[in-house]
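Each reported figure results from applying straightforward, stated rules to the coordinates on display, with no laboratory input. This structure is a prediction, so every number in the text was calculated from the model and none was measured. A quick note on method: Cβ atoms are made from the backbone with ideal geometry, for glycine too, and the neighbour counts reach across all protein chains shown.
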Amino acid sequence: PHGRVQNICCIGAGYVGGPTCAVIANKNPHLKVTVVDLSQPRIDAWNSPHLPIYEPGLQEIVELARDGSADRKPNLFFSTDVDAAIAEADLVFVSVNTPTKVSGTGAGFASELSYVESAIRKIAEVATTDKIVVEKSTVPVRTADSMREILSAIGKPGVRFEVLSNPEFLAEGTAIPDLLTPDRILIGSLVNESGLSAASALANVYAGWVPRDRIITMNLWSSELAKLAANALLAQRISSINALSAICEATGADVEEIAFACGTDTRIGSKMLRASVGFGGSCFKKDILSLTYISETLHLPEVAAYWRSVVDINEYQKDRFTNRIITCLYNSLTNKKIAVLGFSYKKDTGDTRESAAISIIKNLAGERAKISIYDPKVEERQIWQDLQGYGNVSSVAGAGSVKDFVTVENNVYDACADAHAIIILTEWDEFSNKAIAKPTAAQANKPTNGHASTNPRMDWSRVADTMKRPMFVFDGRNVVDARALEELGFRVECIGKPG
Ligand code: NAD
Ligand code: UGA
């Protein structure tokens, strides 16, 4: 019943909707792809030379599909006219945000589904022709059930809807290479004629560039749960290595050697085993809390507690790192200048959602330190927004505002001048002093960005000349060669390594 797709609408022009549709449009010049959003500034930015998100390689891909070229017509559009785009589409992606609920039942754990529901209601109201509705947002297992009910209750008579699950696995900072060469595309459908035919129509869109054997189809509920499961398993690896990092610091073992030794076992594998100051980002914590909530509502408290511990270890890791800083700085941070290098939750993105930097800076401000922040991509107004009204920052006795404690600099040298300590919270290449490894043949051939980290590496000896003695480096990402910095006179504390 659901034939070939010619016209796609994507509701939600965020980190997922924008890059995903840019790649779909780029690889399927015969399709018309329209990305819609309620936010006018966001859509204006997508239509401008300054895209609303930073993602290596994104600009070129958007420009080609959006602006066209001598041999191709534009086929990627960004608009706030949600109704028109839904009306003309035969396939609609729902790629809106699904944050953790802040109030009501399940507050602090369950996913907020009101954005998804309002998008679904809008589709049902507007549609006068059959639509394939695709869950791109990460949602609790069985959400498609509610979607189907709403669509059939509101939809016009004779208009048929088929709901698919098609979770997204891209990671920020590598979104474009992840989308161009995905490990797999997952499509979940009802296992009946109409469901399978819709799944096959969506599979044909991806087949524009993804090999068929990487396009996996399965039942709806497995597909929905597989997304939460994948994020839970990835985050669980990070919490596992971070828990081991605490043992390393206490025993003289080195967590990088542990990760290497374990990662060479092909059953374990080497990825997602970098010890850190704690994972951030908009999804890992939210999705694990969602899984915890689902487990609780299914009366599986032991399962809920298991997944919750992944988040608990992450909070512990952030606090442990702050405590180490305080102890090393002689338990007194009052009025000491501390340089924080990196504010985004990982390199190659300007995204700060759930960044470890936010809670660590909050804790340091509570100690009355003077914090100076530098990040190559995060916008200053974003930093103020993230720190505004944040716990200890504003509750420190006598504190006027966060700006009494924090400054934002636009280069590493101003941030570090006169500082007692440097704290590295994001693994931006420019903070590293390690020898640059030659790219492997596979990496060299990967269709990745031309300008990941654009800034040159910082000059650590120049920084050392301007700092207060004794001068400390707390490396929350293990990006520095500690011995080389020690030769410059730094005292270096790394995650998972003895002090
Ligand atoms: P985002 O906040 O960047 O974008 C969501 C957009 O949806 C916003 O611009 C918002 O204005 C818009 N929106 C909300 N309700 C709308 C409505 N009713 N009509 C039109 N627009 C509406 O979120 P994101 O990071 O792109 O994440 C979207 C979903 O994808 C989430 O469920 C997330 O869990 C999942 N996901 C995110 C990532 C990631 O790396 N960010 C990766 C995989 C999956
Ligand atoms: C993650 C998943 O990797 C994606 O597959 C998924 O689609 C996405 O969540 C999502 O659902 O939103 P993302 O959060 O963008 O992607 O980035 P990751 O590379 O997974 O990193 C997440 C956090 O973990 C970052 O703070 C990163 O610094 C940290 N991390 C990552 C570590 O501390 N150690 C590692 O070994 C890897």
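Could you run the Debye sum over the Cα atoms of region 177-324, one equal point scatterer each and no solvent, and tell me log10 of I(q)/I(0) at q = 0.14, 0.18 Å⁻¹, two decimals?
Here log10 of I(q) over I(0) equals -0.85, -1.11.
Excluding residues fewer than 8 places away in the same chain, name every one of the lysines whose C-alpha is closer than 21 Å to that of Lys438.
Lys271, Lys347, Lys446
Run through all the Cα pairs of the chain and give the fraction in each 20 Å bin from 0, expressed as whole percent.
The distribution over the chain is 22, 53, 24, 2, given as percents.
If you line up the Cα atoms of region 35-134 on their principal axes, what length do they span on each, largest first, in Å?
Extents along the principal axes, in whole Å: 54, 36, 20.
Under the Karplus relation 6.51 cos²θ - 1.76 cosθ + 1.60, θ = phi - 60°, what is the ordered set of whole-Hz ³J(HN,Hα) values for region 348-360, x standing for Gly and Pro?
Result, ordered by residue: 6, 9, x, 6, 10, 4, 6, 5, 4, 4, 5, 6, 5 Hz.
Evaluate the relative contact order of the chain (contact order divided by residue number), counting alpha-carbon pairs under 8 angstrom at least 6 apart; express in whole percent.
Relative contact order of the chain: 13 percent.
Where does the chain land at 222 nm, in deg cm²/dmol rounded to the nearest 500, when only DSSP H runs of n ≥ 4 count, each adding -39500 (n - 2.57), divided by all residues?
For the chain, the value works out to -13000 deg cm²/dmol.
Relative contact order for region 26-98: what percent, with Cα pairs under 8 Å and sequence separation of 6 or more?
Relative contact order of region 26-98: 41 percent.
When DSSP assigns beta bridges and you keep just the ones with both residues in the chain, what percent turn out antiparallel, to the nearest 5?
5 percent
Mind checking region 125-159 for trypsin sites (Lys or Arg not before Pro) that DSSP puts in a loop (not H, G, I, E or B) and that have at most 15 other Cβ atoms within 10 Å?
Qualifying residues, ordered by number: Arg142.
Send over the per residue convex hull volume for region 239-348, Cα only, as a whole number of Å³. Walk me through the numbers before you get to the answer.
Values: hull volume 17.1 nm³, N = 110.
For region 239-348, the hull spanned by Cα atoms encloses 155 Å³ per residue.
Sort all Cα-Cα distances of region 281-440 into consecutive 5 angstrom bins from zero, then give the percent of pairs in each bin up to the one containing the longest distance.
2, 9, 16, 18, 18, 14, 10, 7, 5, 2, 0, 0
What span do the alpha-carbon atoms of region 29-74 cover on each of the three principal axes, reported in whole Å from largest to smallest?
Here the Cα extents, ordered largest to smallest, are 31, 23, 13 Å.
For region 76-228, evaluate the Debye formula with one uniform point scatterer on each Cα (no solvent term) and list log10 I(q)/I(0) at q = 0.09, 0.10, 0.12, 0.13 Å⁻¹, rounded to two decimals.
These q points yield log10 I(q)/I(0) values of -0.29, -0.36, -0.52, -0.62.
To the nearest 0.05, how large is the calculated FRET efficiency for Arg160 and Arg184 if R₀ is 30 Å and r is the Cβ-Cβ distance?
0.60
What residues have an amide H closer than 5 Å to that of Ile423, excluding those fewer than 5 places away on the same chain, when H is modeled at 1.01 Å from N in the peptide plane?
Residues meeting the criterion, in which the H sits 1.01 Å from N, are Ala339, Val340, Leu341, Phe474.
In region 298-385, which GluC sites (Glu not before Pro) fall in coil by DSSP and have 14 or fewer other Cβ atoms within 10 Å?
Sites meeting the loop and neighbour criteria: Glu379.
If we restrict to alpha carbons, what Rg and Dmax does region 292-369 come to, in Å?
My reading of the Cα-based Rg and Dmax gives 16.5, 50 Å.
Could you tell me the calculated FRET efficiency between Asn331 and Thr266, based on Cβ-Cβ distance and R0 = 56 angstrom, to the nearest 0.05? Each step should come with its number before you reach the end.
Values: r = 46 Å, r/R0 = 0.81.
Plugging the Cβ-Cβ distance into 1/(1 + (r/R0)^6) gives 0.80.
Taking the beta-carbon count within 10 Å as an exposure proxy, list Ser245, Ser359, Ser309 from fewest neighbours to most.
Lowest to highest Cβ neighbour count: Ser309, Ser359, Ser245.
Report, in debye and to the nearest 20, how large the dipole of the chain comes out about its Cα centre when Lys and Arg carry +1 and Asp and Glu carry -1 on their Cβ.
Roughly 280 debye for the chain.
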